[in-house]
Amino acid sequence: PEWGNVISSEGLLTAVREWNRYRRITIHTFAITHMSLNPGRYPRTASMNRAVTFMKALAAAAGGDYRFVAKAPK
């Protein structure tokens with residue numbers, strides 16, 4: 001998140017856990033990339049690692065699943 005009342009990853013995860021205590025909304029997350037098919041050509045960056053870590057944590061905080069979808073390059 002880049003703007004709004006909560007912009008830190010930890011703050012957002014805390015807020016989702018709090019909101020979801022009574023709402024019980026399931027949140028599923030996913031990433032689509034071609035990087036996993038050729039990791040030598042497309043190395044994972046620190047930014048991508050943070051994003052994946054956040055998406056996994058967000059899904060876990062809301063009872064959902066995280067999926068990584070590899071897209072074949074054309």
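The values are calculated or read from the model by the stated rules, or taken from the named source; none is laboratory data. Model, not experiment: these values are computed from the prediction. A quick note on method: Cβ atoms are made from the backbone with ideal geometry, for glycine too, and the neighbour counts reach across all protein chains shown. What goes into the accessible areas is simple: the full protein's heavy atoms, side chains included, and nothing from ligands, DNA or RNA. Shrake-Rupley method; radii C 1.70, N 1.55, O 1.52, S 1.80 Å.
Observations
- For segment 47-52, putting each phi into the Karplus relation 6.51 cos²θ - 1.76 cosθ + 1.60 with θ = phi - 60° gives couplings of 4, 5, 4, 5, 5, 5 Hz, in residue order, rounded to whole numbers and with x for Gly and Pro.
- Measuring only protein heavy atoms, the 1.4 Å probe finds Y66 accessible over about 40 Å².
- Note that segment 11-17 has calculated 3J(HN,Hα) couplings of x, 5, 4, 4, 5, 4, 4 Hz, one per residue in order, obtained from phi through the Karplus relation 6.51 cos²θ - 1.76 cosθ + 1.60 (θ = phi - 60°); glycine and proline are x.
- Net charge, R17 excluded, C-beta distance under 15 Å - Lys, Arg +1, Asp, Glu -1: +2
- Couplings 3J(HN,Hα) of segment 22-28, computed from phi: 10, 6, 6, 8, 8, 10, 9 Hz, in residue order, whole Hz [Karplus 6.51 cos²θ - 1.76 cosθ + 1.60, θ = phi - 60°; x for Gly and Pro].
- Distant-in-sequence amide contacts of T29, defined by a placed amide H-H separation under 5 Å and a gap of 5 or more residues or a different chain, comprise D65, Y66, R67.
- FRET efficiency estimate (nearest 0.05) - Cβ-Cβ, A60 to E2, R0 30 angstrom: 0.85
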